[in-house]
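In what follows, a single structure is set out as structure tokens and then discussed.
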Amino acid sequence: MMKKFALTLMILSYSLYAQTLYVMDNTNAYAKDGKTIVGTIARGTPGEEVGEVDGKIIIKVKGYLKTGDKKTLYGTKNLELPFITLKNDGVSSDTLEVALPKKELNKNQAEAWADAEFLYYDTCSMCHAAHAPKEHTMTEWDGLFTTMRAFAMPTDAEADTILQYLKAHATDGYATDDE
């Protein structure tokens, strides 16, 4: 009886202290043992801290599955933005646990997006006032950004970062730090 009580208390106390962490940049995702790189995880991906191993934090990421795609866990119902892309097939449920270096995680979602947000407003307000990301859907941002990219001339890496920021913060995106 006492063991059950202690176990229940331990589980409850851990769940009270479980916290959501956000990925700071597109980076390698490791297996739960913390040793093997299993794929990549996208900037801004939210995950619940579930443990620690080998100097890395294990997070549980919940997302969406695309029929027939065993390599990607998506961040949105429209399957537009991937959270995690694995090297090999392995996505069989809408939840994955991966390990990440502590420096790649932050408790503050806005900080995870800060440099991408700065890049967007710096690049896209050279000729006109930049629109708030929530003004458009992901599909609309695809078209708008493709049209405007020729004028702003960001590098390919900058364009990828800006579009990822815009889609994550779009009306149908997953980011909530601007609300």
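A few notes on this one:
- Subset of segment 13-24 that is open to solvent by less than 100 Å² (accessible area, probe 1.4 Å) and modelled with pLDDT under 70 - its residue that is nearest to T161 (Cα to Cα): S15
One line per residue, one yes/no per condition, for (1) in contact with a strand residue (DSSP E or B) (Cβ under 9 Å, 6 or more places away or on another chain); (2) within 14 Å of A42 (Cα to Cα):
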position: L86; (1), (2): yes, yes
position: T95; (1), (2): yes, no
position: K107; (1), (2): yes, no
position: W113; (1), (2): yes, yes
position: M126; (1), (2): no, no
position: L163; (1), (2): no, yes
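- K102 vs. criteria at negative phi, in contact with a Gly (Cβ under 8 Å, 6 or more places away or on another chain) and open to solvent by 40 Å² or more (accessible area, probe 1.4 Å): yes
- Odd one out for E135 among (1) more than 28 Å from V53 (Cβ to Cβ); (2) of a type in the set (D, E, K, R); (3) crowded, with 16+ Cβ neighbours inside 10 Å: (3)
- Flag if T176 is farther than 30 Å from G51 by Cα and β-branched (V, I, T): no
- Only residues that are open to solvent by 70 Å² or more (accessible area, probe 1.4 Å), in contact with a Leu (Cβ under 9 Å, 6 or more places away or on another chain) and in a strand (DSSP E or B) were counted in segment 49-75, giving 3.
- Members of segment 25-48 found to be among the charged types (D, E, K, R) and either within 27 Å of E117 (Cβ to Cβ) or open to solvent by less than 40 Å² (accessible area, probe 1.4 Å) (or both), listed by number: D25, R43, E48
- Condition check for E111: surrounded by 15 or more Cβ atoms within 10 Å (Cβ to Cβ), touching a residue at least 24 places away in the same chain (Cβ under 8 Å) and not in a strand (DSSP E or B): no
- Here Y174 fulfils each of the conditions (1) touching a residue at least 24 places away in the same chain (Cβ under 8 Å); (2) surrounded by 12 or more Cβ atoms within 10 Å (Cβ to Cβ); (3) part of a helix (DSSP H, G or I) apart from (3).
- Residue list for segment 144-171, filter: among the hydroxyl-bearing types (S, T, Y) and under 15 Å from A116 (Cα atoms): T155, T161, Y165
- Complete set of residues in segment 92-130 that are acidic (D, E) and under 23 Å from I37 (Cβ atoms): D94, E97, E104
- Conditions (1) open to solvent by 40 Å² or more (accessible area, probe 1.4 Å); (2) free of Cβ contacts under 8 Å to residues at least 24 places away in the same chain: number failed by N78: (2)
The values are calculated or read from the model by the stated rules, or taken from the named source; none is laboratory data. Just so you know, these numbers come straight off a predicted model, no measurement behind them. Positions of Cβ are generated from backbone atoms using ideal geometry, with glycine treated the same way; all protein chains shown enter the neighbour counts. We work out accessible area using only protein heavy atoms, side chains counted, and drop any ligands, DNA or RNA first. Shrake-Rupley method; radii C 1.70, N 1.55, O 1.52, S 1.80 Å.
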